[in-house]
Each structure stands twice: as C-alpha cells, then as structure tokens.
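Peer 1: This is the structure I want to talk about, given as structure tokens.
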Amino acid sequence: MIDKVEKSMCTGCAGCKNICPVSAITFRADSEGFEYPDIDMAKCIKCNLCEKICPILHPVKSDNTSKPDIYAAWNMDENIRINSTSGGIFSALATQFIQRGGLVVGAVYLEDFSIVHTMISSIDDLEKLRQSKYAQSKIQDIFKSIKDELSKGNKVLFCGSPCQNAGLRNFLRKDYENLYCCDFICRGIISQKVYHKFLNDVSKKHSSDIKNIQFKNKDFGWNRFSTKVSYKDGSVYQLDRFTDYYMVGYLKHNLYLRPSCHNCHFKSLPRVADISLGDFWGIANFDANLDNNKGTSVVIVNSQKGRELYSWIKNDVYSCERTLDEVTKGNSCLLNCAPAGKYREYFFKNIDKTDFIDLINKIDKKASKVPMGEKAREYITVVKNHLKR
Ligand SMILES: Cc1cc2nc3c(=O)[nH]c(=O)nc-3n(C[C@H](O)[C@H](O)[C@H](O)COP(=O)(O)OP(=O)(O)OC[C@H]3O[C@@H](n4cnc5c(N)ncnc54)[C@H](O)[C@@H]3O)c2cc1C
C-alpha cells in the first residue's frame, strides 16, 4: 500500500487519495504542515491501487524529449504580463484553451487565502488562477473531476507543480488525447502551515483583513520582485525578494521546503508535462533587449502536444528561440534540488512558539555574515493615496 513510500520521498501529489475506490485515504498534515496520506484500515480493501499509481514507486512513462524547444517569451497584453509572475504565458495558453472550448485546472486562493486546485471554463475566472501562490496547493479530488471531463470528451489543460503533473498522469493510467499538461520550473514547495503563520504574523501590525496577496509582485520590477500583502484599509506589507521574511526563509536559508523537494524526482529532463514555464533569469546576459524588467518567461516545449499548444498563442505573445544552456545558467532549479538549510530543524522546532518575523531575523543573524539591513527591513507601508498613484 501507499505507506510503502518513505515519508521523506512522498510529494503529497494526492494521486493515491484520488484513486482509492473506497475513499480510505485522507491527507493529514504533520507538525511541519505538510500533508501525507493516512489509510483507514477499516475501509481499505487492499486493492493496492494507491501503490500501483504512486509516481515515486512507478516513474511516469513518457515519450517527451530531453531536447526540448526553448523560447524566451512574454504576453503582449501589458496588463496581463505585469500581473503575472513571469511573462504571462500561462494566461495566454489558458485563454486560447478556453476559447477553444476547453477547461483549465490550476491553483487559486480561497476566501481565507488557503490554496487549492480548481477547474474553470470561463475566461472571467482566469484571473484567480493567474500568479504563483507560494505554498503547496491542495489537489483534493480534482484528479477525479479531470478524469470525468476527459471521459466525456472535454479538453483539459492542467497546470501544477512537476510532482502534481506526475501524480495526475499516473492516476489516469492511460494517455488521453484531450489532456494537456503544463508545469513550471520549481524551486520547491512550502507547507500551508508555514504560509499561514507568515500571513498571520505580518498581519498583526495591520488592523484590517487581507484583501489580496501577490508573490513576485513587480512594483519594484521583475528582477527585484517583492511580496505584497494588501489590506482592506489600504495599508500594505511589501518587501523585496532580499528582505521579505518569507522569501528570505525560502530562497536564502532553505528553511521550509517539503522534505521530498530536496530529492525531487521530477526535475530535470525530459519533463512529464507537455510544456514547462519559468522565469528566464539571466536572459539579459545573452540579449539585453529581452529583459525590460517586466517579466520574461522561459517556455520549454517537451512534446508534440506542447508544440500544438504553443502554436495556438503565437499571435498573443512575443517569442524567440533560445538555448537550454542559457536557461540553466540563470535558473539552476530546472535541474537541481535546493539542499535543506542548516537551520531547517531549528525553524520547525520554534515555529509554534515564536513570531515568524522574529524567528527569521534570529536565523538570519545566526546564519549570515551580512544580515538583512535594518533599513531594508522596515515595512514599506503604503497608504491608500499612494496605492492609487
Ligand atoms: C512554488 C513555486 C515555485 C516556483 N519556483 C520557480 C523557480 O525556481 N524558477 C522559475 O523559473 N520559476 C518558478 N516558479 C514558476 C514561476 O513562478 C511562474 O509560475 C511560471 O513562470 C509561470 O508564470 P506565468 O507568468 O506564465 O504565469 P502565472 O500566471 O504566474 O502562472 C500561474 C500558474 O501557476 C499555477 N500555480 C500557481 N501557484 C501554484 C501552486 N502553489 N501550486 C501549483 N500550481 C500553481 C497556476 O495554477 C497557474 O496555472 C515557481 C512557481 C511556484 C508556484
């Protein structure tokens, strides 16, 4: 059964939960907040389907190429580009997909800002899927819904992390002509417990509720992206990638990635998905004209279906061919796993009893020769008028 998978390898893709014919598997969070399958032995009929489709135990079979087509690209709709995490290529793909009668599945915020995967069929709902949400999205029963739609003959575009794509492909157990898969270059995933702890603690200094969250916001430019939490009274928490407490813990100190992310099976090439998206970090070193600080995506086309998808958006995006070498020079996460940080254990030992900001400050002081500058650490609190401006 699925409990054969070592905990440190389980990605939480939820394929096992979705395949179980008697709903004997639920997902439960551990003390770090990462969810793992839990089998109700009273319900289990020992069919072993959960084990048979696990992408850790049984790698996904794929004909995708390890020599994909590579492009630098961005959405020509300036507003969509600025409001996307990278170059807005996902929105271009999803728009065309929906216009051709398809359904799109991706990650959205719920009212309490928890993150789940959902399915949409209308362009009006696309805004909810746009932008990276920096915690592990809950798959819930969405794989079953995708299978239902595929069986009815509907086209589905699934977008999620590489491990979620692998989970879906193995769950389906056969190739569907009408399924298109999109993943992203992934540094690794954070638990929703850590994410909510961050939100709660930065929100203590604000006297109203959260209105909106944007990771990799581009107010300071794409290269110096920021985390922006906007509150209903117009106040804002906004710090750049070098000083935002969440990103310092994630990018600088590797404090809270899911354990399986340190030994990810789904990085590298060939990819499981038909098309992979990411940030084309460092593209200016090869051609300065390709970085105007508004977001340049790398598009990795891994299969014939990926080629078909990409051809649909050719009138909606600027795109030029680049090389894999250029991608890996600036974006090591395509091929390499981030190691667990020295203070990972310390972080989780203290997360329940220490304020998030205090904990990151403490770790940053312990770890860094050059801690986050006091000045840079101050909140940039922007009032309503400034926001409007
Ligand atoms: C956790 C995480 C880590 C990432 N790490 C890297 C990295 O190291 N290097 C890099 O180049 N790019 C990384 N990316 C990808 C990058 O941030 C962009 O998502 C990607 O380049 C697509 O950008 P876009 O502008 O085309 O579309 P966007 O509109 O920004 O893309 C949104 C798409 O991503 C999906 N999505 C958003 N959040 C999640 C989530 N939590 N789980 C699953 N799917 C989600 C949405 O469903 C939607 O389909 C990461 C993304 C995430 C969510």
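The values are calculated or read from the model by the stated rules, or taken from the named source; none is laboratory data. Small disclaimer: the values here were computed from a predicted structure and weren't measured. Virtual Cβ from ideal backbone geometry, glycine too; neighbours counted across all protein chains shown. Heavy atoms of the whole protein, side chains included, go into the accessibility calculation; ligands, DNA and RNA do not. Shrake-Rupley method; radii C 1.70, N 1.55, O 1.52, S 1.80 Å.
Peer 1: Return the only residue of Gly295, Gly282 being under 15 Å from Thr85 (Cα atoms), at pLDDT 95 or above and touching a Lys or Arg at 6+ places or on another chain (Cβ under 7 Å). Working first, answer last.
Peer 2: Working: Gly282 fails: under 15 Å from Thr85 (Cα atoms).
Sole residue among the options that is under 15 Å from Thr85 (Cα atoms), at pLDDT 95 or above and touching a Lys or Arg at 6+ places or on another chain (Cβ under 7 Å): Gly295.
Peer 1: When the stretch 267-284 is examined, which residues are found to be farther than 21 Å from Met76 by Cα and either touching a helix residue (DSSP H, G or I) at 6+ places or on another chain (Cβ under 7 Å) or within 14 Å of the ligand (Cβ to nearest atom) (or both)? Break it down into steps so the answer makes sense when it comes.
Peer 2: Initial filter on the stretch 267-284 (farther than 21 Å from Met76 by Cα): 267-274.
Of everything in the stretch 267-284, those that are farther than 21 Å from Met76 by Cα and either touching a helix residue (DSSP H, G or I) at 6+ places or on another chain (Cβ under 7 Å) or within 14 Å of the ligand (Cβ to nearest atom) (or both) turn out to be Lys267, Ser268, Arg271, Val272, Ala273, Asp274.
Peer 1: Sticking with this structure for a sec: For the stretch 121-131: of the residues being within 11 Å of the ligand (Cβ to nearest atom) and open to solvent by 50 Å² or more (accessible area, probe 1.4 Å), which is nearest to the chain's Cα centre (by Cα)?
Peer 2: Initial filter on the stretch 121-131 (within 11 Å of the ligand (Cβ to nearest atom)): 126-131.
Narrowing the set further to residues that are open to solvent by 50 Å² or more (accessible area, probe 1.4 Å) leaves 127-128.
Working: Glu127: 16, Lys128: 14 Å.
Top of the filtered list is Lys128.
Peer 1: What are the residues in the stretch 286-326 that are charged (D, E, K, R) and assigned to a loop (DSSP other than H, G, I, E, B), if any?
Peer 2: To start, the set of residues in the stretch 286-326 that are charged (D, E, K, R) comprises 287, 291, 294, 305, 307-308, 314, 316, 321-322, 325-326.
Across the stretch 286-326, the qualifying residues are Asp287, Asp291, Lys294, Lys314, Asp316, Arg322.
Peer 1: Still on this structure, please answer the following. Given the options Asn75, Asn79, Asn83, name the one that is surrounded by 19 or more Cβ atoms within 10 Å (Cβ to Cβ) and at negative phi.
Peer 2: Numbers: Asn79 fails: surrounded by 19 or more Cβ atoms within 10 Å (Cβ to Cβ); Asn83 fails: surrounded by 19 or more Cβ atoms within 10 Å (Cβ to Cβ).
Residue meeting the stated conditions: Asn75.
Peer 1: Return the only residue of Thr85, Thr118 being under 28 Å from Asp316 (Cα atoms) and more than 8 Å from the ligand (Cβ to nearest atom). It would help to see each step written out before you state the result.
Peer 2: Details: Thr85 fails: more than 8 Å from the ligand (Cβ to nearest atom).
That would be Thr118, the only listed residue that is under 28 Å from Asp316 (Cα atoms) and more than 8 Å from the ligand (Cβ to nearest atom).
Peer 1: Can I ask one more? Among Lys211, Lys267, which is the only one that is basic (Lys, Arg), within 19 Å of Asn83 (Cβ to Cβ) and open to solvent by 10 Å² or more (accessible area, probe 1.4 Å)? Lay out the reasoning, then the answer.
Peer 2: On the way: Lys267 fails: within 19 Å of Asn83 (Cβ to Cβ).
Lys211 is the lone residue from the list that is basic (Lys, Arg), within 19 Å of Asn83 (Cβ to Cβ) and open to solvent by 10 Å² or more (accessible area, probe 1.4 Å).
Peer 1: Could you look through the stretch 290-315, keep only residues that are within 17 Å of Arg187 (Cα to Cα) and of a type in the set (A, V, I, L, M, F, W, C), and pick out the one that is surrounded by the fewest Cβ atoms within 10 Å (Cβ to Cβ)?
Peer 2: Going through the stretch 290-315, the residues within 17 Å of Arg187 (Cα to Cα) turn out to be 297-300.
Narrowing further to those that are of a type in the set (A, V, I, L, M, F, W, C): 298-300.
Numbers: Val298: 27, Val299: 29, Ile300: 25.
My answer is Ile300.
Peer 1: Looking at Asp287, Asp233, which one is away from the ligand (no atom under 12 Å from the Cβ), more than 28 Å from Ala72 (Cβ to Cβ) and open to solvent by 20 Å² or more (accessible area, probe 1.4 Å)?
Peer 2: Working: Asp287 fails: more than 28 Å from Ala72 (Cβ to Cβ).
On inspection, the qualifying residue turns out to be Asp233.
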